[in-house]
Every structure is written in C-alpha cells, then in structure tokens.
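Have a look at the structure below before the remarks.
The values are calculated or read from the model by the stated rules, or taken from the named source; none is laboratory data. This structure is a prediction, so every number in the text was calculated from the model and none was measured. Glycine also receives a Cβ, built like all others from the backbone with ideal geometry; neighbour counts cover every protein chain displayed. For accessibility, only protein heavy atoms count, side chains too; no ligands or nucleic acids. Shrake-Rupley method; radii C 1.70, N 1.55, O 1.52, S 1.80 Å.
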Amino acid sequence: MATQSDLARGWMQKGDSDRLNAERTVQSAGPYDTACFHCQQAVEKYLKAILAFAGQPIPRTHDLEEIYNQCLAVAPALSFDRTDLSDLTPYAVQLRYDADFWPDQGTAGQALDVANRVRVAVLTVLPTGAWP
C-alpha cells in the first residue's frame, strides 16, 4: 500500500514530467501553447502533492488558486506569489480551445519560471522522503 510520501512523490514526478516537457518546448522553435499547458499542469500537480502528503482529498479542479488555498490549510509555510497562479490557471482549459491564443516564447518562458518557483516552494514544505 502506498504511503502518503509515495503519493506525494508520484504527484511530484508527474509534475516534473510536465515541467520538463514545457522546458523542451520553450527551448525549441515552438509552437508554445503546449508549453503553457504543461506549466499549468506541473503547478497543479506540485500543489496536489502537498494535499496527498497531508492525506487530504485531491480536488478535481484546475483552478490553481483554489488548490493553493487548500494547501495553505495544511502547509501554512507554503509561500510564493499567488498572482502567478491566476496567470497560469487559464492555460488548463481555455488555452486548449481558444483558436486565437498562440503564446510566444517569452510568455511560455514566464510560465516555466512560475512552474520552477512553485516546485522549489513545494519542496521546502515537503519532507525529503516525498521528493521525486
């Protein structure tokens, strides 16, 4: 049976997979919409790792601010600029269905910076046994 550390580690690994895919795309000639999507997904999974470690139910939402608020209830030391979350949340769904949204490399790079910062913040509140 998986422990809470195992579950958190799994979420972190899935987030890393998304983040690394975004990183490869950002370093390419594009297109960059999928990089933005993968950054949103990475952040979502990193935050869900905190909830998994705390034994909390994993919400079925892509709203990063909502997930972040749930994380603060179990990990009040978690800290990063929450305005970054409101920038990334639309990339979960809207980006996939908006035929006019084609972010440039700079936009995708900014999303990747957010994913990297959130990853570091999450690792500071998870014990090393839950790290990927």
For residue 106: the one exception among (1) open to solvent by less than 60 Å² (accessible area, probe 1.4 Å); (2) within 18 Å of residue 42 (Cβ to Cβ): (2)
Cross-chain or 6+ apart pairs with Cβ under 7 Å, segment 114-132 first and closer than 16 Å to residue 18 by Cα and modelled with pLDDT of 95 or more, then in a helix (DSSP H, G or I) and aromatic (Phe, Trp, Tyr): 118/46; 119/46; 122/46
Extreme residue, surrounded by the fewest Cβ atoms within 10 Å (Cβ to Cβ), among residues of segment 119-132 that are touching a Gly at 6+ places or on another chain (Cβ under 9 Å) and in a helix (DSSP H, G or I): 119
Residues of segment 91-103 satisfying the condition of being surrounded by fewer than 16 Cβ atoms within 10 Å (Cβ to Cβ) and not hydroxyl-bearing (Ser, Thr, Tyr): 93, 94, 96, 98, 99, 100, 101, 102
Residues being more than 23 Å from residue 27 (Cβ to Cβ), modelled with pLDDT under 95 and more than 15 Å from the chain's Cα centre (by Cα) - total across segment 67-113: 5
